[in-house]
Amino acid sequence: MTELGNDDIAYGLCDLGLDLPEFIFVSMPEIRDLRGSLGLPVERDLHFDADKTLSAYAAEARERGYIVT
């Protein structure tokens, strides 16, 4: 997520598991309610340090079909 707006709407590069990473608006309450296969919630990676631009991440994700960090 790159932006958080009013009403808990966020915007960013997302991969919905369809092999089509794209920039979309998402509902943060829905993200908070998500659970993985082990029942764990989505977490923010506090140690992520970008080493390229967002557009470069997007281009690589579109080429591979998934987001690589």
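Each value in this text was obtained by applying a stated rule to the coordinates, not by laboratory testing. Every value quoted in this text rests on a predicted model; they were computed, and no experiment measured them. Glycine also receives a Cβ, built like all others from the backbone with ideal geometry; neighbour counts cover every protein chain displayed.
A few remarks follow.
- Residue pairs whose Cβ atoms lie under 6 Å apart, sitting 6 or more positions apart in sequence or on different chains, and linking a residue in region 52-64 that is free of Cβ contacts under 8 Å to residues at least 24 places away in the same chain to a partner that is among the β-branched types (Val, Ile, Thr), are Glu60/Val68.
- Residue tally, condition on the phi < 0 side of the Ramachandran plot and either assigned to a helix (DSSP H, G or I) or acidic (Asp, Glu) (or both), over region 15-61: 20
- Inspection of region 31-51 identifies at least one residue that is within 14 Å of the chain's Cα centre (by Cα), of a type in the set (Val, Ile, Thr) and within 15 Å of Thr2 (Cα to Cα).
- Residue selected from region 5-23 under the condition farther than 17 Å from Thr53 by Cα, free of Cβ contacts under 8 Å to residues at least 40 places away in the same chain and surrounded by 12 or more Cβ atoms within 10 Å (Cβ to Cβ), by the criterion nearest to the chain's Cα centre (by Cα): Ala10
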